[in-house]
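Structure first, commentary second.
FYI, it's all coordinate maths here, none of it is from the lab. Values in this document were obtained by computation on a predicted structure and should not be read as measured data. Every residue, glycine as well, gets a Cβ built from its backbone with ideal geometry; the counts of neighbours run over all protein chains shown.
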């Protein structure tokens, strides 16, 4: 895996991912940080983060999942095309109205200066709930290849650590700490792992080339329209040619990046967490934008 020398930086050093949730203990390590071992660490990190993000979100994860399940049944969501069709029939205002009752939103303060902060916080909470809803639908359209496998890890913490050429990162949180801190860590680990998968598989370059045609917008209708323009069969064939054995991971990167480009990623991002919980003082990373590499040339 990750064997194409034209697309992959040869990594050494190590990458470690560990999670000690009560119902899911995982410990994966790649030393040196390359090949199939590295792929397993990254894909395990993504799977665990996506599974646990809804549980630690400021929303009723079971209710949000049930709403997504209802949508999936009504629109027979089992592909990217059917997901696009379902989203095209979804009114953003209606979706927000459906999700708000499931969100834990603090009462609006009477003080006008505090009210402005409350509006921003409310927006972040609803964004998180929306991301979880879209994540449940996205799994119907592009099912994960495998569920995260449990292991033995006694510490009640979450951690991603990497010390390799061109990648040094340490992200960790105590699972006994505030739920919002765990959610922030899940979002940060997910972002780091997804970015590295994009680089290592060649999917980032592929996405830059294919998605640069779409203007970056925060719009659910525009996302549905863009998704409908993507030919799934042709895209899958092109990814298999460009990324080889890593085509499935690259496919996930491509479509999740497409959704993120239109402000509706199928996972919780750090910016939404920062809006919902400003006390965490989360940096505001610009992130990667598909087509950015092409613009620099």
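Order these peptides, 80-86, 256-262, 128-134, by their mean beta-carbon neighbour count within 10 angstrom, highest first.
Result, highest mean Cβ count within 10 Å first: 128-134, 256-262, 80-86.
Work out the P(r) tail for region 109-166: percent of alpha carbon pairs separated by more than 17 Å, whole number.
70
Find how many whole Å separate the alpha carbon centroid of region 169-199 from the alpha carbon centroid of region 62-88.
27
Return the Rg/Rh value of region 21-169, two decimal places, where both radii are evaluated on C-alpha atoms and Rh is the Kirkwood radius.
Here the Rg-to-Rh quotient is 1.05.
Restricting to DSSP H runs of at least four residues, report the calculated mean residue ellipticity at 222 nm for the chain, -39500 (n - 2.57) per run over all residues, nearest 500 deg cm²/dmol.
Only helices count here, giving -17000 deg cm²/dmol.
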